[in-house]
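Student: One structure, as structure tokens, below. Some questions next.
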Amino acid sequence: FQHRKHLIKSNNGIEELSKMKKRIHAMVSFAAVLSFALACTAPTNLNTNSGAANSLDPAALKSAFDAITANDIMQHTKVMSADEYEGRGPGTKGEELTVKYLTEQYQRIGLKPGNPDGTYVQKVPLVGFTGAPTASFIAGNKQLNLTFPQDYVAVSRRFVPESKVENSDMVFVGYGVVAPEYGWDDYKGLDVRGKTIVMLINDPQVPGSGDPKTLDDKMFKGKAMTYYGRWTYKYEIAAEKGAAAAVIIHETGPAGYPYEVVSGSWSRENFDIQKPDKNMGRVAVESWITTDRAKELFLASGQDFDALKKAAVSKDFKPVALNAKANMTVRNTIREINSNNVIGKLEGSDPTLKNEYVIYTAHWDHLGRDPKLTGDQIFNGALDNASGTAALLEIAEAFTKL
């Protein structure tokens, strides 16, 4: 996800950027340990077929360590988060400058072009879509009008001017998970085609048998979030089941981030890969709603949110029809752009194993600029993700020294 703690502005000078020192030193420590671990755990004989023996020169290791510096990470971060880069929005001048900078850095440290066509750049055709949603629920005999983006956000990833859901029956499907390996199915065979499904974020929080305050580590990896817990999965399974719309109830703890993260990112232009079917296989509307408005919806529908949430952590949970109907419309402004991945390659020295790959990757983009804002319009993204991209450049440079 793209979060909103991004207002560290490089044109305010070293003072604000220096707030990143602790994180940067942690990055440096991590990068050094990573380099050392990868080097030192390499077997003496990497390829038994070739019989190639590899040994480590302490001097070479030192030069790799020395290549990673806080100053270099800071410099890369300052460059990519400068106002000139306009927040590194895809398909903008900021992207052009970022791709140029990364390409130049790859060339400087000696990485070869990583794209099979002999360049450093892989084209990524994207569709940018900016939604203008409206939404209301009729629950019981009460109409609930929702305010965007304070109460909810909604997008349509269908590349069409308008997507609409009218008078759609609403159903609570727990966590919305179908996981055969855990014997879990929140749908229990219910036909949700044409319906609006409402679900919780994260995996089912199955309590441990010994201590109800802990999570069962045999179910959905305990505290770890599996892909079943991700919002992307929730919408994908909704599409697979034929739902008209999918609404995720936001809760800060289970999501791992506050609602402002969702409202800040989903209320502006978003991107998806260009597809021949114009994404018509997606549900018409993908939405998040705040916990408070969700509780209001459940109450007006004659249901208790807390009780249903508790019931949803059991394999025996069955979908609950809400006495409610959804009306949602998303009008899309759409543009097609060609964005870019930037790929550098460092070949291994073993003649056979160099045809295998270890991938290091980070997203270089951020939220760009918002011309509707008065004054400062640029989301510089020093932390997210100029800093991560800078760290990868340093790790890459260190490996060239080995």
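Student: Which of these, 190, 146, 322, has the largest mean-square fluctuation under a Gaussian network model of the chain (Cα springs below 10 Å)?
Tutor: Comparing 190, 146, 322 in a Gaussian network model of the chain, the most mobile one is 190.
Student: Tell me which residues come under 5 Å, amide H to amide H, from residue 142 once H is placed; ignore anything under 5 positions away on its chain.
Tutor: It is none; the list stays empty.
Student: While we're on this one: Round to the nearest 0.05 the FRET efficiency obtained for residue 363 and residue 141 when R0 = 45 Å and r is the Cβ-Cβ distance.
Tutor: The computed FRET efficiency comes out at 0.45.
Student: Using a 1.4 Å probe, how large is the accessible area of residue 100, given in Å² and rounded to the nearest 10?
Tutor: Only protein atoms counted, so the area is about 120 Å².
Student: Excluding ligands and nucleic acids, what accessible area in Å² is computed for residue 74 using a 1.4 Å probe, to the nearest 10?
Tutor: Roll a 1.4 Å probe over it and residue 74 shows about 30 Å².
Student: So, for region 170-293, what is the accessible surface per residue at a probe of 1.4 Å, expressed in square angstrom?
Tutor: Value for region 170-293: 42 Å² per residue.
Student: Quick one: which residues, 5+ away or cross-chain, put their amide H under 5 Å from the amide H of residue 179? H built at 1.01 Å from N.
Tutor: 184, 185, 186
Student: Still on this model: What is the calculated FRET efficiency for residue 304 to residue 150, with r their C-beta to C-beta distance and R₀ = 22 Å, to the nearest 0.05?
Tutor: 0.35
Student: Going by a ≥ b ≥ c, the root eigenvalues of the Cα gyration tensor, does region 101-217 fall in the rounded group (a/c under 1.5), the prolate group (a/b larger than b/c) or the oblate group?
Tutor: Here region 101-217 falls in the oblate category.
Student: Let me ask you something else. Taking +1 at the Cβ of each Lys and Arg and -1 at the Cβ of each Asp and Glu, which of 327, 207, 265 sits farthest along the dipole of region 202-350 towards its positive end, judged by Cα position relative to the Cα centre?
Tutor: 327
Student: Something else about it: For region 167-326, max minus min Cα coordinate along each principal axis, in Å, sorted largest first?
Tutor: 50, 34, 32
Student: Using a 1.4 Å probe and ignoring any ligands, DNA or RNA, find the accessible area of residue 282 and quote it in Å² to the nearest 10.
Tutor: Surface accessible to solvent at residue 282 totals approximately 50 Å².
Student: Does region 50-149 come out rounded, prolate or oblate, given a ≥ b ≥ c as the square roots of the eigenvalues of its C-alpha gyration tensor, rounded meaning a/c under 1.5 and, failing that, prolate meaning a/b above b/c?
Tutor: Note, shape of region 50-149 comes out prolate.
Student: Same structure again: With θ set to phi - 60°, apply the Karplus curve 6.51 cos²θ - 1.76 cosθ + 1.60 along region 304-310 and write out the HN-Hα couplings as whole Hz, x wherever there is a Gly or Pro.
Tutor: 10, 4, 4, 5, 5, 5, 5
Student: Could you derive backbone 3J(HN,Hα) for region 353-368 from the dihedral phi with the Karplus parameters 6.51, -1.76 and 1.60 (θ = phi - 60°), listing whole Hz in sequence and x where the residue is Gly or Pro?
Tutor: 3J(HN,Hα) across region 353-368, in whole Hz: 5, 5, 8, 9, 10, 10, 9, 10, 8, 8, 7, 8, 7, 9, 8, x.
Student: Where both residues lie in the chain, what percent of DSSP beta bridges are antiparallel, nearest 5?
Tutor: Just about 75 percent of them are antiparallel.
Student: Would you kindly give the portion of the calculated P(r) for region 173-221 that falls above 17 Å, as a percent of all Cα pairs?
Tutor: 43
Student: So for 291, 196, what's the accessible-area order with a 1.4 Å probe, most first?
Tutor: My answer, sorted largest first, is 291, 196.
Student: Another question, then. Throw me the Rg/Rh for the chain, computed over C-alpha atoms with Kirkwood Rh, two decimals.
Tutor: Result for the chain is an Rg/Rh of 1.02.
Student: Give me, ordered by chain and number, the residues 5 or more places off residue 340 or on other chains with an amide H under 5 Å from its own placed amide H.
Tutor: So residue 340 has HN proximity to 124.
The values are calculated or read from the model by the stated rules, or taken from the named source; none is laboratory data. All values derive from a computational prediction rather than experimental measurement. Neighbour counts run over all protein chains shown; Cβ positions are idealised from the backbone, glycine included. Please note that ligands, DNA and RNA were not included when accessible areas were found on the heavy atoms of the full protein model with its side chains. Shrake-Rupley method; radii C 1.70, N 1.55, O 1.52, S 1.80 Å.
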